[in-house]
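All of the numbers you see were taken from the coordinates with simple rules; none came from a lab. Remember, predicted model here, so these are calculated numbers, not experimental data. When we count neighbours, we look across all protein chains shown, and the Cβ atoms used for this are built from the backbone with ideal geometry, even at glycine.
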Amino acid sequence: MSAVPNDTPLADSAALLEASGLVKHFGPVVALRSADLRVRGGEIHALMGANGAGKSTLVKILTGALTADAGTITLGGRTRSFRSTSEARRAGLICVYQDPSLLPDLTVLQNLKLTATPITAFRRYLIELGLGGFDLQTMPRELARPTLSLLDLARALAIEPRLLLLDEITASLPADLTVRVFNVARQLRAQGRSVIFISHRLAEVSALCDRATVLRDGKTVGVVEPAQGGEERIVKLMLGPVADEVAAEAASPSAPATGAVAVEVRDLKAGILTDVTFTLRFGEVLGVAALEGQGQQELFDCLAGVRRSESGQIVVGGKTRTFRHPADAIRTGLVLIPADRLQALLRQRSVRENIALPLVNRISRWGPINTRREKRRVEKAVKRLQIDTRVQSEVRRLSGGNQQKVGIARWLVGGFQTLLCFDPTRGIDIGTKRQIYGLIKELAAGGSAVLLFTSELPEIQLACNRVIVLFGGRLVDEMPAAEADEKALLRAAHGLPAEADAEQEA
Amino acid sequence: MASTAVAEAPRPAGFRFGRAARRYGWTVAVYALLALLMVITIAIKPDYGSFEWNTLTLAALPLAFAAVAQTIVVLSGGIDLSVGPLMALANVLALRAMLGHDLNYSLVVALIVLLEVTLAGALNGAIIVVTRVPDIVITLATSFIWAGLALLVLAKPTPGIPLDFQNLAQGSTFSPWVPNALLVLLVIPLVWIPLRRSRAGLAIYAVGSDRNAAFRSGVNLGWSRLLAYAVCGFFAACGGLALSMTTGVGTPLAGTYYTLSGVSAIVLGGVSLAGGRGGMLGPVAAAYILSLIPAVLIYLGIDPNYGQMIQGVLIVIVVMIGGLGVVLRRA
């Protein structure tokens, strides 16, 4: 690729797609102020931006799911305005989303028929994606998420698109399948076709993409080449003026704490989880590092009272506890922040009600709720977490990051001793992510105990004092955060001995 | 990694018993239940003959159409509370126009009634799609409108459907064991099978299965839902005409029973009220089951009004057993 001066919108004659000055309002909320995007033929182009920066809106406009209030889109030199996704599809523009859009109750074959997808081409791409011999009579309802993502991708590829949009497709894929998706993207590039790639993972962007367009607050703020050390630049552009502040906050890893024991887990067994023993102390953030499905879900479910263990003990406050219901765990001070925020929140209710929900038990066991007292405490929490309350009447309208903050705020108000955070930053942008980690550290410094699982290994050091590693349901390693860099964690999480790694590095 | 293993497992093509059981198990079970009830009936009443069988098919015919009408809307993720009143409307329109005429004239009337009530169903759908008011509210409101309209057309139950037209359903042209009422049901596959195999039919399933995914797949949500309501109107009209044929009477207040019994039949017939899952075979068998229960009670000398209670208990038990099946499969 030719060198591109940073941040300068280029007048590129070879542009396959050129979108300029796109504006979109939803009532009083401005989703896009002025978005520009230029994608060349034979290019993998990243679209970056924090949550709420307008990425999804831009994608929806490009694929005809929404129409822009102002601005123009040209595809291959022709000005286009798509009124439906099928129209965009006919023009060779198709998007594969994070949540697969195969109909769960139609067979895969019927799904193909519904979208008029050529079956032989679909089969060919299935083989390329490692799904040769797949039975088209299967119902998507019966399939695992990663498989669905690949099927959805193959379906998009089968129409031989000129421009393929991948919206966070790697978020639900394990590493080896991600590689296959990358290979396909590179093939498209080699054929002179283009890919728009959206991901929160900077490493993926710099490994795959030729250029990156960064959005902030609905505006295009720069075009960067990620390969040439552009990662830091992207982060800075995404975060804007607060970037340096956040960078300072992500300080060096904390030392192991020596507070009293908050939770002791002894020989816990549940599902894949086997004989797991560890202690969690007050004043520390204990990280849990593991690849997908190594027993971390079972561990958190047991501790939160969502699931019963088969054997072993959970000791809280010197007493062995049996949790029959999440309410039992909450009463003992163990509260859960799940990855899927909407599992914990009442989507259609207000921010205030959501935060006050566990509080209802405390403020008023019988009789009416003291709303003034409730309001005061809720407002304090909202302020402390900087929750964006412009659309506070319904939680489902908040961005993912703000929803997660509401989930945390409810326990700040409701009171807790031990916070169980299960991948609390999944799908959340870097700025909010660091805010959440900052908050978690602050809570631990204030004397609480935190157990934190995150699917993104480099982030363990951002928040934790100590790390335990799960592999195949067993606890295979424990290390202070200072040693837990991504490399060490990856080795341990794959079940490789850590010592060998340390020696190699020394 | 576990997830990867799932993705890579090659799947053998061809017939697989587990999957077939999962997909068609409910329908097979409903027919087994119907067969069991028939066996019980014959055990209770050893002289059960073609006359009783004919009576059953006549009783089940309007309900079968009501169930099929509701099924198609429920498959598209909606509900139509106006199915019964639409049937009543078709029924009284037919009586008013046919009164004192011959078969040929009646057949033309029947076609016009089919068209009118299909349009009424389409209007239901159009209002729902355009106003975006929930379907349950709109069809509740229109159920009063259609019922009121039926009363305006015909103030009180009136006999007078031409006998020749009645005999289209009441006789048994071919064999006493193949009553015409059973043959009239063939209208259902004649409309449903081509629809089911078309993209429009897939789109109806798609809209009910996952509206967001359907939208992304390029399905026109509005038209698909409207189509479902229009086809619902068509089958409701068939139900109203069936009512005319089987009773020979125009009954403006016949509707209420068929709306809710139609919903019972589809629940029993294995159609998911959440949309997207189910077919037509189950609800039709369920309509026969629901029509057989009062008959069995009469043969037993029990007050047939217990029938409704038994219907309720049956639905709870059957759906519970179905749910148990799902739980056991997961374990």
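Among rounded, prolate and oblate, which fits the range B:6-156 when a ≥ b ≥ c are the square roots of the eigenvalues of its C-alpha gyration tensor, a/c under 1.5 means rounded, and a/b larger than b/c means prolate? Can you show the working numbers first?
Details: a/c = 2.49, a/b = 1.26, b/c = 1.97.
In terms of gyration-tensor shape, oblate.
Over 31 Å between Cα atoms: which of A:LYS113/A:LYS433; A:LYS319/A:LYS375; A:LYS380/A:LYS433; A:LYS24/A:LYS236 fall into that group? Each step should come with its number before you reach the end.
On the way: A:LYS113/A:LYS433 41 Å; A:LYS319/A:LYS375 35 Å; A:LYS380/A:LYS433 21 Å; A:LYS24/A:LYS236 25 Å.
In this structure, A:LYS113/A:LYS433; A:LYS319/A:LYS375 lie more than 31 Å apart at Cα.
Count the DSSP beta bridges whose two residues both fall in the range A:15-241, then state the antiparallel fraction as a percent rounded to the nearest 5. Mind showing how you got there, number by number?
On the way: 21 of 39 bridges.
Bridges in the range A:15-241 that DSSP calls antiparallel: roughly 55 percent.
Pull out a ≥ b ≥ c, the square roots of the eigenvalues of the alpha-carbon gyration tensor of chain B, then state rounded if a/c is under 1.5, prolate if not and a/b is larger than b/c, and oblate in the remaining case. Walk me through the numbers before you get to the answer.
Details: a/c = 1.92, a/b = 1.25, b/c = 1.53.
Note, shape of chain B comes out oblate.
Could you size up the charge dipole of the range B:145-252 around its Cα centre, putting +1 on the beta carbon of Lys and Arg and -1 on that of Asp and Glu, and report it in debye to the nearest 20? Before the final figure, lay out each step's value.
On the way: 7 positive and 2 negative charges, 93 e Å.
That gives the range B:145-252 a dipole magnitude of about 440 debye.
Please list, in order, the residues from the range B:180-194 whose amide nitrogen is less than 11 Å from a point placed 7 Å along the Cα→Cβ vector of B:ASP164.
Label zone hits: none.
Mean Kyte-Doolittle of at least 0.0 plus a Cα span of 18 Å or more along the axis: flag which DSSP H helices in chain B meet both, please. Write out the running numbers ahead of the final one.
Working: long enough: B:17-44 (37 Å, 1.34); B:50-75 (35 Å, 1.41); B:83-98 (22 Å, 1.54); B:103-131 (41 Å, 1.99); B:135-153 (26 Å, 2.02); B:221-247 (39 Å, 1.24); B:255-268 (20 Å, 1.14); B:281-300 (29 Å, 2.06); B:306-330 (36 Å, 1.56).
Helices meeting the criterion: B:17-44, B:50-75, B:83-98, B:103-131, B:135-153, B:221-247, B:255-268, B:281-300, B:306-330.
Taking the Cα centre of chain B as origin, work out the dipole magnitude from +1 charges on Lys and Arg Cβ and -1 charges on Asp and Glu Cβ, in debye rounded to 20.
Working: 18 positive and 10 negative charges, 266 e Å.
Magnitude of the dipole: close to 1280 debye.
Using amide H atoms built 1.01 Å from N in the peptide plane, name the residues 5+ places from A:VAL221, or on other chains, whose amide H lies under 5 Å from its own.
For A:VAL221, the qualifying residues are A:VAL214, A:LEU215, A:ARG216.
Along the range A:447-452, what does the Karplus equation 6.51 cos²θ - 1.76 cosθ + 1.60 (θ = phi - 60°) give for ³J(HN,Hα), rounded to whole Hz, x for Gly and Pro?
x, 7, 9, 10, 10, 10
For peptide B:202-213, compute the average count of partner chain beta-carbon atoms within 10 Å of each residue's beta-carbon. Intermediate results must be reported in sequence, preceding the final value.
On the way: counts 7, 3, 0, 5, 9, 1, 2, 9, 10, 1, 4, 12.
That works out to 5 on average.
Run lengths n ≥ 4 of DSSP H only: what is the helix-derived mean residue ellipticity at 222 nm for chain A, with -39500 (n - 2.57) per run over all residues, to the nearest 500? It would help to have the intermediate numbers written out before the result.
Values: 19 runs with 174 residues, N = 506.
After summing the helix terms and dividing by the residues of chain A, the value is -10000 deg cm²/dmol.
Quick one: which residues, 5 or more positions from A:GLN98 or on another chain, have an amide H under 5 Å from its amide H? H modelled 1.01 Å from N in the peptide plane, none for Pro or chain starts.
A:ASP167
Would the range B:172-331 count as rounded, prolate or oblate if I go by the C-alpha gyration tensor, calling it rounded below 1.5 in a/c and otherwise prolate when a/b exceeds b/c, oblate otherwise? Display every interim value, and only then the final one.
Values: a/c = 2.03, a/b = 1.30, b/c = 1.57.
Cα axes put the range B:172-331 in the oblate bin.
Run the numbers for B:VAL28 and B:VAL108: contour at 0.36 nm per residue of separation, minus the present Cα-Cα distance, in nm.
Numbers: separation 80, 0.36 × 80 = 28.80 nm, distance 3.81 nm.
Full extension of this stretch gives 25.0 nm more.
Using packing as a proxy for protection, rank A:285-296, B:135-146, A:313-324, A:143-154 so that the peptide with the highest average count of other Cβ atoms within 10 Å comes first. Spell out each step's value before the answer.
Working: A:285-296: 24.1, B:135-146: 18.5, A:313-324: 14.3, A:143-154: 22.3.
Averaged packing, sorted descending, gives the order A:285-296, A:143-154, B:135-146, A:313-324.
Considering amide H positions built from the backbone, and no H for Pro or chain starts, which residues 5 or more places from A:PHE197, or on another chain, come under 5 Å of its amide H?
Close amide H contacts, sequence-distant or interchain: A:HIS45, A:ALA46, A:LEU47, A:LEU166.
Round to the nearest 0.05 the FRET efficiency obtained for A:LEU357 and A:ARG124 when R0 = 45 Å and r is the Cβ-Cβ distance.
Efficiency, rounded to the nearest 0.05: 0.30.
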